[in-house]
Structure formats: structure tokens, C-alpha cells
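Read-outs throughout are calculated quantities, based only on the coordinates presented, and are distinct from any laboratory measurement. Because the structure is a prediction, the values reported are computed rather than measured. Virtual Cβ from ideal backbone geometry, glycine too; neighbours counted across all protein chains shown.
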Amino acid sequence: MTDTANLDTLESDVLEQIGATTDEAGLDAVRVAAIGKKGSVSLLMRGLGKMTPKERQVMGPALNGLKTRLGDAITARKEALESAALDAALVSERVDVSLPVRPTPTGSLHPITQVMEELAVIFADMGFAVAEGTDVEDDFHNFTALNFPEGHPARDTQDTFFMKPDADGNRKVLRTHTSPVQIRTMMSEEPPIRIIAPGRVYRCDWDQTHTPMFHQVEGLVIDKETHMGHLKGTLLDFLAAFFETDKVEARFRPHHFPFTEPSAEMDVRYERVGQAVKVGSGTEWMEILGCGMVHPNVIRNCGLDPDVYQGFAFGMGVDRLAMLKYGAPDLRDFFNSDKRWLAHYGFSPLLQANMATGLS
Ligand code: PHE
């Protein structure tokens, strides 16, 4: 075909086909048939080589022009089809603003977080501020200042996790209790002192009521005329507020801690009902805290005069309290990160916000 008139016919045929397409697939088929590798225009271009120079002079530019125009027409059609598709979608796919939103999964607060918050609120009402220490402690704050004798086996009774010795041979520890915060507070603040110190503590232990990491809230009161009656009253008031009943029965058992004298442990009455733990009835006792009057040596170690200042301290197991209040039977489940367990025992963050701000 060396006649440009035929090219005109071909051009109008293809333009007509382009105009008749209704979707991208159809348009692409037309493109392939006309200017694709084996399309009609491309085949004609391949014939250029066999033409006389004179013919080629005419047909070369004619074919190139044709190819460009068809390409442009295809692009224009493609854009037109796309915008028509968009228009159609805008008309048919309306957003129904009256549909209810799909529920998005919300996280829940771990019972430990919940109980920590409850404790802070209860003790804040009694005038206690919150103090903090560090999880990695030195021997002085965790033991020595708390009147654990140097080299005494008492240092091992808490199944301590020791860190590798540092350059001068001292071994830091993962704190075995929150009592070092007593020391930090007495060394940095003037009495009267009234603080609680919530935090993680670590001991090498593992059974139904022991995990190697657990939580305590330490309490410390240092003032001029503090006595054991204040300690007992504070803890019994706390129990009633925490369990929201006066019926929780507690007993104080004499005990020994190097840092308090006299010392006691407090247990609450409970029973197991099926799998759950129920507080206030039954024949079993669960130890929930250690307490006592701060030992004069400890007060002296912190630079205060024990003849002027006395006080009491307690350290309660937050995890045990959570087990008792919310009925979870096995402490180990608290730290297994099982979402189903959390969904069951967890708390709504919104409710907690209300509780902390007193707006519920
Ligand atoms: N630190 C003790 C423990 O972890 C508890 C305690 C705290 C006892 C304060 C007396 C006073 O077992």
C-alpha cells in the first residue's frame, strides 16, 4: 500500500473504532491492532524498506504522522473513559453517613495497672504522695542501708538476681523489693514523710502465687510521733477502701525484717471457689504485705535522728491484691500476654479515667 488515500481510510476507520470503545480493555485491543508491534500501521512501516526512495519520501512522514495521531487519539480516549468511570462511581457509590460505625477493637488495662491506680487513689486520699526508684539497684539501697548485715545470709533470702560485677567488683541487683525507695526518699526529703512507691520487683521464684517479676507498693511514714497503732489503722482503712467492704478479715502475724522492728505480715481471709479466689470468707489466709516500725538503724543510715523521728513502713504485693479482688486464680497468667485472658480480666481505659479523676 503506497497510496496516502488508503492511509486516510485506515485512519478514519481506526479513529472510529477508538471512538466506539467503552472501556480500557476494548481501547487497548484497538491500540494493539493498529499501532502495536504487529498492528496494521506497524506492518505498513515495515514495508518502507522495500519502497523506492521517492515513495519512501512520501509514505515515511505520512505513516509517522498517522501513528502519532492515532497514539494521541488513544490517549485522549483513555482519559475520557477514566473520567467517565469516575463520574459514574461518584454517582453510584454514595457514602451512607447514617450507617453505624464499625466497632474498632480497643485495648484494655491490665488488672495490675488498674490496681496500681486504685492504690494510688486510696493512699492519695490519706495524704500519701507517690515516689519512685529504679529497677536496677545498688547493694547499698537494696540491702545495706536497710540494715541487712554485710555478708549475712539474709541477702540471699530474697532469691536475688545479681548483675555482672562492674569494674570495681560491685554487683548491681534487680531490686528484690520496693523498700530501697524508703532509703532514697529519707535521704532526699525532710520529714514529715508520707509516700507510697509502686513498682516492679524481681525474685527467682515460680509457682501459682509467685512470678520472677512482680509488683509491690511500698508505703513509708516518718514523723515525730508515729506508732504501731497508726500502721494498723492505715492498713485496715486501706483494706476496707480497696475491697469496698468492712467485711474483709485481716490478721497480723509477727515476722522478721531487718529494716523494721517490730515487724509483721498481714494476711487476708480467702477461699477458692471453683477456679476463682474469693476474699472475706473461707479458711485460707493469703499474705498480702509485710510491715513494721522502721528500724532505728535505717533511720540513722539515712541521716535522721531516731530519737526524734519514728515511722512505719509496709510493702504490699499488688499482684496478690489483684488476684484477691478480681478473682484470677493463677498469678502466672498475669504475665502470659494472652489476649483472651486480658479481654476477660482487663479494664476499660475510659472507666479508669473516670475513676482517677473522680467523675464517674
Ligand atoms: N520489703 C518487704 C518484702 O518485700 C516488705 C516490707 C516493706 C516489710 C516494708 C516491712 C516494711 O518482703
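Each distinct pair of alpha carbons in the stretch 126-236 adds a 1/r term; the inverse of their mean, the Kirkwood radius, is 15.3 Å.
Structure note, pairs Lys172/Lys325; Lys224/Lys247; Lys54/Lys78; Lys232/Lys325; Lys224/Lys325: Cα-Cα distances above 26 angstrom occur for Lys172/Lys325; Lys224/Lys247; Lys54/Lys78; Lys224/Lys325. Computed over the stretch 255-300, the range of Cα coordinates on each principal axis works out to 49, 14, 13 Å, biggest value leading. The alpha carbon convex hull volume per residue for the stretch 204-360 rounds to 154 Å³. Which values of log₁₀ I(q)/I(0), to two decimal places, follow from the Debye formula for the stretch 258-341 at q = 0.20, 0.21 Å⁻¹ with a uniform point scatterer at every Cα? Treating every Cα as an identical point scatterer, log10 I(q)/I(0) equals -0.87, -0.91. Translational diffusion of the stretch 4-92, estimated by Stokes-Einstein from the Kirkwood radius over alpha carbon pairs at 10 °C in a medium of 1.306 mPa s, is 112 µm² per second. Database remark: amide H of Val201 closer than 5 angstrom to the amide H of Phe214, His215, Gln216 (H placed geometrically; neighbours at sequence offset of 5 or more, or on other chains; Pro and chain starts carry no H).
Close amide H partners of Thr260, meaning residues 5 or more places away or on another chain with modelled amide H under 5 Å apart, are His295. Within the listed set Ser263, Ser108, Ser92, the Gaussian network model of the chain (springs between alpha-carbon atoms below 10 Å) gives the highest mean-square fluctuation for Ser92. Over all projection directions, the Cα-based convex hull of the stretch 5-154 averages an area of 26.1 nm².
Loop-located GluC sites (Glu not before Pro) in the stretch 222-256 (DSSP state other than H, G, I, E, B) with a sparse environment of at most 12 neighbouring Cβ atoms within 10 Å: Glu225, Glu244.
For the stretch 30-113, which GluC sites (Glu not before Pro) are in a loop by DSSP, counting at most 13 other Cβ atoms within 10 Å? The qualifying sites are Glu93.
Among the trypsin sites (Lys or Arg not before Pro) in the stretch 1-93, those located in a DSSP loop and surrounded by at most 11 other Cβ atoms within 10 Å of their own Cβ are Lys37, Lys38.
Here the Kirkwood formula puts the hydrodynamic radius of the chain at 27.0 Å, using every distinct Cα pair. For the stretch 296-339, count all C-alpha to C-alpha pairs, find those more than 16 Å apart, and express that count as a whole percent of the total. Summing the P(r) tail past 16 Å for the stretch 296-339 gives 58 percent. Dimensions of the stretch 47-127 based on its C-alpha atoms, expressed as ranges along the principal axes with the largest first, amount to 108, 32, 20 Å.
Taking the Cα centre of the chain as origin and assigning +1 to Lys and Arg Cβ atoms and -1 to Asp and Glu Cβ atoms, the resulting dipole is close to 1460 debye. Around the amide H of Ser348, modelled in the peptide plane, lie the amide H atoms of Leu109, all under 5 Å away and 5 or more residues distant in sequence or on another chain.
The Kirkwood radius of the stretch 168-289, taken over pairs of alpha-carbon atoms, gives through the Stokes-Einstein law at 10 °C and 1.306 mPa s a diffusion coefficient of 95 µm² s⁻¹.
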